[in-house]
């Protein structure tokens, strides 16, 4: 008779069984990082949240150990331990704006270095909506709030700063727990006028943004003061108002052309309107810069790749974003951020040329 198989005998383990039964490596802890780096756990914690007063070399060592061990801090635990949520609210105007997008990128990059998370919301250039978003962020227990320009009243920002640290761009405002970053808009417009004056232009049109926007008012004032200083033509018909959008620049340029106002150059209060104005000139059969010189404002990344490449007043919007994030870290650490007024710079490209009568 054939020999019966012993059903009770255990079969040999397979390689898959061995893999399943092998112990998994323990998750790296903050204590493990501290021991490997030769520092205290509290030092590791402060390096993670950006409050450590240690050398750059020691910070680099700790971060290298964190990377080596694959340590990932627990946000909830850090919040309980440090009284922070490790999140910063950011009130922008339009998430999809190429201008504000550069600032958001700068904020996010800088926050990421300190393991903070940004919460982005849009106010759509509406004061009631901005105020709603502001208090929504505060209710989410963010550690601080960055406001990119906006229509909020100064008093609203001062009141909010009594609850959480606030950094605001695009205005000059001083209050406890609040820091503002502004750009020299008037000087930027003066640089544009000086450039065109040096090229021989005397009839320079200006496409302004809406005057309830502080940047627009300052840029218009800079244009008007420099035109008067250089004794250029000051015809009120040379100034038209628009909305900072490409479509607004297109409409404004068409209005200028239809008015029969004579001009040889145009300054737009931002690059987006310059893009629209350029299209309107093209549709009218006018060449840039052979027939009309064109200058934008902000020097957005796309402006170096338009046809022709656009001369523009540069303000590093990305730098404004990183500066806002670093100012927020100072406020969180009870420090006074250094004063910040972003300087203007004219980037000359092929959209402007000497005026030939």
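The values are calculated or read from the model by the stated rules, or taken from the named source; none is laboratory data. Keep in mind that this is a model prediction, so the values were computed, not measured. Heads up, the Cβs are rebuilt from the backbone with ideal geometry, glycines too, and the neighbour counts pull from every protein chain shown.
Brief remarks follow.
- Checked against (1) closer than 23 Å to residue 329 by Cα; (2) at pLDDT below 90, residue 20 passes all but a single condition, namely (1).
- Number of the condition not met by residue 240 [criteria: (1) touching a residue at least 60 places away in the same chain (Cβ under 8 Å); (2) not in a helix (DSSP H, G or I)]: (1)
- Hey, residue 155 outside the structural domain of residue 48 (by TED's automatic domain parsing), outside any loop (DSSP other than H, G, I, E, B), loosely packed, with under 14 Cβ neighbours inside 10 Å and free of Cβ contacts under 8 Å to residues at least 40 places away in the same chain or not: yes
- Which numbered condition residue 138 fails, given (1) surrounded by fewer than 17 Cβ atoms within 10 Å (Cβ to Cβ); (2) in the same structural domain as residue 275 (by TED's automatic domain parsing); (3) farther than 18 Å from residue 99 by Cα; (4) in contact with a helix residue (DSSP H, G or I) (Cβ under 7 Å, 6 or more places away or on another chain): (2)
This table checks each residue for (1) crowded, with 21+ Cβ neighbours inside 10 Å; (2) out of contact with any strand residue (DSSP E or B) (no Cβ under 9 Å at 6 or more places or on another chain).
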residue: 89; (1), (2): yes, no
residue: 94; (1), (2): no, no
residue: 107; (1), (2): yes, no
residue: 114; (1), (2): no, yes
residue: 123; (1), (2): yes, no
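- Any hit, the range 258-266, residues being buried (at least 22 other Cβ atoms within 10 Å of the Cβ) and over 19 Å from residue 303 (Cα atoms): no
- Counted residues, the range 287-298 - those being modelled with pLDDT of 95 or more and either touching a helix residue (DSSP H, G or I) at 6+ places or on another chain (Cβ under 6 Å) or crowded, with 16+ Cβ neighbours inside 10 Å (or both): 8
- Test: residue 347 is within 25 Å of residue 200 (Cβ to Cβ) and surrounded by 22 or more Cβ atoms within 10 Å (Cβ to Cβ): no
- Among the residues of the range 171-204, those that are touching a helix residue (DSSP H, G or I) at 6+ places or on another chain (Cβ under 6 Å), surrounded by 21 or more Cβ atoms within 10 Å (Cβ to Cβ) and either under 30 Å from residue 351 (Cβ atoms) or at pLDDT below 95 (or both) comprise 181, 185, 189, 190, 193, 204.
- Residues (assigned to a loop (DSSP other than H, G, I, E, B), over 29 Å from residue 328 (Cβ atoms) and at pLDDT 85 or above) located in the range 23-57: 38
- No other residue among 344, 304, 284 is modelled with pLDDT of 95 or more and within 24 Å of residue 238 (Cβ to Cβ) apart from 284.
- Unmet criterion (only one of (1) touching a strand residue (DSSP E or B) at 6+ places or on another chain (Cβ under 9 Å); (2) surrounded by fewer than 23 Cβ atoms within 10 Å (Cβ to Cβ); (3) under 23 Å from residue 342 (Cβ atoms)) for residue 302: (1)
- In the range 205-217, the residues that are assigned to a loop (DSSP other than H, G, I, E, B) and touching a helix residue (DSSP H, G or I) at 6+ places or on another chain (Cβ under 9 Å): 209, 210, 211
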